[in-house]
Structure formats: C-alpha cells, structure tokens
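Scroll down for the structure; my scribbles are underneath it.
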Amino acid sequence: MKSRAQGGFVLVATIWVLAAMVLFMGYVAYWSAQIQDSALRQAESVRWSFEQQSTMSTLVYLGATRRMSYAGLTLGEVTSLTMEDEFNPFSADPFVTMGGELRLDGTPYQGLGGTRFSVQDTGPLVGLKVVNSSKRLESLLRHYEVSGREVRRLIAAMIDYTDRDDTRTLDGYESRGYEANGQLRPTNRFLVSPSQVSNVMGWDAALGDRLPDFLDQVTIHPGNKNNFNTLTPVGMQTLGYLENSSIERILDHRRDAVFKSLGDVNRVAEVVVPADSLLFTSIPDPFLRVRIWRPSSRQEEWIGIRFTPLSGFAPWEIDYRINRQRQPESTNEALKPADETLAANIPQSVLFRPAL
C-alpha cells in the first residue's frame, strides 16, 4: 500500500512539474513573441521614417536644382536652353516642357521603398489670407454645403482671427468670444498651416466631416490663381463658369499636354474664360504642398515648402509639417511612374522608379 501511495505521489508530482514547465514555456513563448513583434514594429517604423525622409530630401534636392516648366518640375538636364538663353526673356521660353516632368497637380507617385507622395502647386488653391472678402473662398464653402449666412460668419471670423487688431467685425469674433467659448485666443496673424482652420471660431463645426476634403483645396498663401495646369477639379468648380464637361476636357488635355495661354484653355474647354491678367497664369507657384504616405497606413504627412527666390535663408524653406488622417479614396489612387532616366541624374537614388 505504501509503495502504491508513493508511486501515486510521484506521478502527481511529475504531472505538476510537467504542467508548470508547460506554463513556463508558454509564458516564455508569449513574451518572446511580444518582444519580437515590438522589435519588428520598431524596425518598420525606423524603415518608414528613413524612406519618408529620403523621399522628401530627394524632392527638396530636385526643387532646388531643377527648373519648373508648364508641366511641372523637370527631372532631366536642360538641353534646349543655354545659360544665356535661360536668363534672356527675349531669346527662348524658360518654361518650355521637356517631357517626363513631375506633375504638380496632386498626381500620386511611388517614392523610396514603400512610400507614396504627391506634389500640389498651391498657387491655384483657394487662399485663406482673407482681408475683406474672398469670392473663391465663399464659393468653396458653398460647395461644401455651408449656408450663405454661415459663410458670412465664417469669413468674418477668419478676418478677426488674422487681423492685427482686437476690434470685432460684424458677425465676427475677437478675444472675448473665444475666451467665453473656452477656446484659444486669436493669433492676430495669418495662418501658419491649413489645419489651423480648426482654431477659428465656427469653422470646425460648420464643415464637420467635410473639413479634411476642404483642407485639400486651400492654402495659407494668397492662392486664387487660375493655372489650369494644376487647378484641382473642385477648384475649377469654384470658378463659376465651367461646366463638368469642360472640366473633364481640361483634365483629359493636361494628362499629356499643357496650357500656355487663355486661348489654349478656351479651345480645350470650349468656353470663353474671363481674361483676368492678374489671376491667370500657366507657370507653377514657388509654394508647393507635398503629401507623403504609406498605402498600409491611414496617416500621411503634409509639408509646405517654398523654393528660391522666395526663401530668404536657403534654396528652400519649410513652412509647415503636419500629420493628418488620409482620406479613404486615396487608397484607390493609381500610381504614376516618372521618368526612368532620373536614376542616371540622381546617383544612389531609386526615387521615382516606375511602380511595379
């Protein structure tokens, strides 16, 4: 009896030891998997940061060393212009297209590694530098279904937020109104990034879930130029004189060609565009907005950048960098390959390699 009891005790003890070992091994395996996952996430984050910074650095290099044409940022060397011709406005067209330009109309491209990016000329975007009124800004707000009375309130609030005094305009808000509402006081300066719109009284509430789409169409710079090479489809709708069919013809034409004059626009759009010499242009603005993202992420970075001669400190100057949520429809954007000859022009770089 005694030996049986001892044998049973040994068996139970062995089972307990084995169970403890199994639990311990499971515990070790669990935490090993957690550590491995954490290391992989960290490595992925570092890789993404490297690819993002490398993509942006190459874009900055191109913007500082390549010229702009009607079609966008040239990627090859200038062969049709001599140095004398480039600085002589009577000898040649300094904005002549070369083919294979990096488009500045928000076209998505493949960057370094898994990055994607686009560049938007901010000249034709709707300007948020409001002094008295802005017909384009009012039209854009109505496009996003903001009522006429609310549009007037939002414009007045923007004027009070950015002007240099503390005098309230009709329908506007100054410091006391912000304090009573528990918001930060107005900066009394022009906006430093598009996302700052959310700090202006009433704008966030009026636009709601349409705010991200609205921010795609605006710039903190004067904007409001009519460059049909880079105008967004929504921006064309705010002009008030283009039908959807005309907008489609313009978009189709500029995929492979450019607009150099109002005559080109009239011919393609089949309408008579108002000849406002102060607003019409066919060359890119020095202020650009770069978007960089990963297809697997809902986050993206916006970088506002200006190039010489407007930058007073270097060949380029960063105006702002903001992170924001990427819109769902961006995941369906088709990638556009850029000029394959770029690899020869930029040693050690695979940026702009055609998408696979």
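The values are calculated or read from the model by the stated rules, or taken from the named source; none is laboratory data. Note that this is a predicted model, so its numbers are computed, not measured. Here the Cβ is made from the backbone with ideal geometry for all residues, glycine too, and neighbour counts use every protein chain on show. Note: accessible area is taken over every heavy atom of the protein model, side chains too, but ligands, DNA and RNA are not part of it. Shrake-Rupley method; radii C 1.70, N 1.55, O 1.52, S 1.80 Å.
Which order do K135, K225 take by accessible area at a 1.4 Å probe, largest first?
K135, K225
V126's amide H: which non-local residues (gap 5+, or another chain) put their own amide H closer than 5 Å, with H modeled 1.01 Å from N in plane and none for Pro or chain starts?
Excluding prolines and chain starts, which carry no amide H, the hits are V218, T219, N224.
When all protein chains stay in place, what accessible area (Å², nearest 10, 1.4 Å probe) is found for L18?
100 Å²
Based on the mean of other Cβ atoms within 10 Å per residue, sort peptides 215-221, 270-276 so the most packed one is first.
215-221, 270-276
If you find the alpha carbon centre of the stretch 209-224 and of the stretch 119-158, how far apart are they in angstrom?
9 Å
I want the local charge near D105. Using Cβ-Cβ distances under 10 Å, sum +1 for each Lys or Arg and -1 for each Asp or Glu among the other residues.
+2
Could you give me the ³J(HN,Hα) list for the stretch 299-304, computed from phi with Karplus coefficients 6.51, -1.76, 1.60 and θ = phi - 60°, whole Hz, x at Gly and Pro?
Values per residue, Gly and Pro as x: 9, 9, 10, 10, 10, x Hz.
May I ask for the net charge around I220, where only other residues with Cβ less than 12 Å from the Cβ of I220 are counted and Lys, Arg are +1 while Asp, Glu are -1?
Here the charged neighbours net out to +3.
Per 0.36 nm of contour for each residue apart, how much would the distance between I35 and K260 grow if the chain were fully extended, relative to their Cα-Cα spacing?
The I35-K260 span can extend by a further 75.2 nm.
Take the alpha carbon atoms of the stretch 59-74, find their center, do the same for the stretch 162-192, and report the distance between the two centers in whole angstrom.
Their Cα centres are 39 Å away from one another.
With θ taken as phi - 60° and the coefficients 6.51, -1.76 and 1.60, list the Karplus ³J(HN,Hα) couplings across the stretch 154-163 in order, rounded to whole Hz; mark glycine and proline as x.
For the stretch 154-163, the Karplus-derived couplings read 5, 5, 5, 5, 5, 4, 5, 5, 9, 6 Hz, x marking Gly and Pro.
Given the peptides 150-157, 93-100, arrange them by the average over their residues of other C-beta atoms within 10 Å, most packed first.
Going from most to least packed, we get 150-157, 93-100.
Work out from phi, with θ = phi - 60° and the Karplus expression 6.51 cos²θ - 1.76 cosθ + 1.60, the ³J(HN,Hα) of each residue of the stretch 214-221, listed in order in whole Hz, and give x for Gly and Pro.
4, 5, 4, 9, 10, 9, 7, 8
Would you mind putting 104-112, 163-171 in packing order, based on average other-beta-carbon counts within 10 Å, highest first?
Taking the mean over residues of other Cβ atoms within 10 Å, the ranking is 104-112, 163-171.
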